[in-house]
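The values are calculated or read from the model by the stated rules, or taken from the named source; none is laboratory data. Computed from a prediction, not measured in an experiment: that's the story for all the values here. Heads up, the Cβs are rebuilt from the backbone with ideal geometry, glycines too, and the neighbour counts pull from every protein chain shown. Only protein heavy atoms, including side chains, enter the accessible area calculation; ligands, DNA and RNA are left aside. Shrake-Rupley method; radii C 1.70, N 1.55, O 1.52, S 1.80 Å.
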Amino acid sequence: MKRILSVLAVGVVAAAALAGCSSSGGGSDKVIKVAYQKFGNFTQMDTQMKAVAKQFEAANKGYTVKLIPIQAAENDYYTKLSLMNKSASTAPDVSYEDTFLIKADAAAGYLAPLDGYVKSWGDWSQFPANAKQAGQGEDGKLYGISMGTDTRGLWYNKDVLKKAGIDVPWQPTSWQQVLDAAKKIKSAEPDVTPLNVYSGKGAGEGSTMQGFEMLLYGTKDTLYDASSKKWIAGSKGFTDSLDVIKQVYQGGLGPTVQNALDPNFGNEVPQLLSQGKMGIDLDGSWLSSNWIKGGAVPWSDWNSVMGETPMPTQEGASPGSTSMSGGWTLALGAKSANKQAAWNFIKLALNKDNSLAYDVAATQIAVRSDVAADSKYVNANPTNKFFSGLVKSTHFRPATTVYPQVSNNIQVAMESVMTGQQTPEQAAKVYDQALPGVVGGAKNVTTK
């Protein structure tokens, strides 16, 4: 199902968001409104916020925490949150904010700086420098505090690979070896989806970060030159990455285009892997949270059947593998009528015990030093060591206010290639031509 966010859909989203908020008692200094995503298999945040709200209300008599779980796929979640933030009557006091939106939302006036609050917060010393930078706006102020981070790599079903004659443990050293393995699976098991690489607008930022950028950052090119502060057009790596998307989707190695463009497809992937209906999945460190006890699709044998391996660089060039990291934060609303109480909620949600509980339940890579060293965290999931080890070769998305628009254009390019509407070269050219318009003009673009 081809999914394009229409004007009508935005209108419906706006109405739903505003209606959901208007009944929350906005404006009361005794009500703390907390907005977060709850969609598909991702229920851990809802569980966490319910527990923290109970603790907060017990410790702050007279206060009520109004939870606003937004049931929407990723792009729609961002749209709803943005619409809520436009009015003081609907803006949340605390919001679950993706790190890639921090700068844009801070610049839009949606978020309040936290620098003054963390100065007297003893726990702030437990957050390493890179975690602190993840929540900074372009003005250098702090607008979000990390709940955890993540890395990405290749998950594979060992049974599927063995049936296709592929030795396990499997450790490909180039893109071609990944594609060759997918071709073997297709040949041996025609009813199995050989390889999933998220692509197109259905998966939103997941397509950009888990799909395209996991390819691009394994080439010699990047999206952005941080030293010159210019966006890059005309790179070979960009076109080569789109060519992989073409081979996966036009070559019959991936999900059907219809399924891949369904915003719900990401919720189906864990089950397809557990049923042996998918061979390889380029995905995040959190994937096993679906299979552990309490997950969306509990699977007691997951750790013996599933394998993990780093995503190789294009041709195996040093350092041999690549990954992307991001993560989500809790942020304080600029329009909050009771910022101190909202900050107290954030502090409580991100103390050691609550951070530990969330990082374990959601299989996050811990950012707090004391949580990362805690044996309960270290022993909670057998993949924690592997995915934490990918941090040494990971990359971060360009930290600029225009990145969300650039990301959207990448999804458009991916979708045009996966559907066969354009060749990789044509889609890359369209991206290049549109780039100046979203990054502030040609002066902010360099062409290779």
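Before moving on, here are some points about what is shown:
- Cut-off under 5 Å, modelled amide H: who pairs with VAL31 long-range: THR64
- Computed log10 I(q)/I(0) for region 73-191 at 0.11 Å⁻¹: -0.62, from the Debye equation with unit scatterers placed on every C-alpha and solvent omitted.
- Dividing the Cα radius of gyration of region 305-354 by its Kirkwood radius returns 1.32 for Rg/Rh.
- Helical mean residue ellipticity (222 nm; -39500 (n - 2.57) per DSSP H run of 4+; nearest 500) of the chain: -11500 deg cm²/dmol
- Relative contact order, percent, the chain [alpha-carbon distance under 8 Å, six or more residues apart]: 25
- Coordinate range along principal axes, alpha carbons of region 362-448, Å, largest first: 51, 32, 22
- With eigenvalues of the C-alpha gyration tensor scaled by 5 and rooted, the chain, Å: 35, 26, 21
- Over 27 Å (Cα to Cα) - which of LYS132/LYS293; LYS293/LYS352; LYS132/LYS335; LYS229/LYS429; LYS54/LYS339 fall in this group: LYS132/LYS293
- Theoretical FRET efficiency, 1/(1+(r/R0)^6), r = Cβ-Cβ of LYS229 and VAL168, R0 60 Å, to 0.05: 0.85
- Per residue, the solvent-accessible area of region 61-110 (1.4 Å probe, heavy atoms of protein chains only, all protein chains present) comes to 34 Å².
- Expected-Rg normalisation [2.2 N^0.38 Å, Cα atoms] applied to region 67-138: 1.21
- Once the 1.4 Å probe is applied to the protein heavy atoms, region 345-440 comes out at 41 Å² accessible per residue.
- Whole-percent carbon and sulfur share, accessible surface of the chain, 1.4 Å: 51
- The listed peptides 106-116, 70-80, ordered by packing as a protection proxy, come out as 70-80, 106-116 (highest mean of other Cβ atoms within 10 Å first).
- When the chain is treated as a GNM with alpha-carbon contacts under 10 Å, the residue of TRP343, TRP231, TRP121 showing the greatest mean-square fluctuation is TRP121.
- Residues LYS293 and SER125, FRET efficiency given R0 of 41 Å [Cβ-Cβ distance, rounded to 0.05]: 0.80
- Overall form of region 303-448 per C-alpha gyration tensor (a/c, 1.5; a/b vs b/c): oblate
- Considering region 343-383, its Cα convex hull presents a mean projected area of 2.7 nm².
- Estimated inter-spin distance, LYS392 and ALA108, nm [label 7 Å along Cα→Cβ]: 3.9
- Listed by chain and number, the aspartates and glutamates whose C-alpha is less than 15 Å from the C-alpha of LYS141, apart from same-chain residues fewer than 8 away, are ASP105, ASP115.
- Using distinct alpha-carbon pairs, which all enter the 1/r mean, Kirkwood radius of region 183-316 in Å: 16.1
- Annotation: aspartates and glutamates with alpha-carbon distance below 16 angstrom to LYS201 (same-chain offsets under eight excluded): GLU74, ASP76, GLU213, ASP262, GLU415.
- Relative contact order [Cα under 8 Å, 6+ residues apart], region 159-280, whole percent: 33
- Tail weight of P(r) past 19 Å, computed on alpha-carbon pairs of region 131-194, percent: 50
- Among ALA51, ALA91, ALA59, the largest mean-square fluctuation in a Gaussian network model of the chain (Cα springs under 10 Å) belongs to ALA59.
- Under a Gaussian network description of the chain, with springs only between Cα atoms under 10 Å, the residue in ALA357, ALA373, ALA337 that fluctuates furthest is ALA373.
- Farthest toward the positive end of the dipole of the chain, out of TYR156, ASN303, PHE39, is the Cα of PHE39, where the dipole comes from beta carbon charges about the Cα centre.
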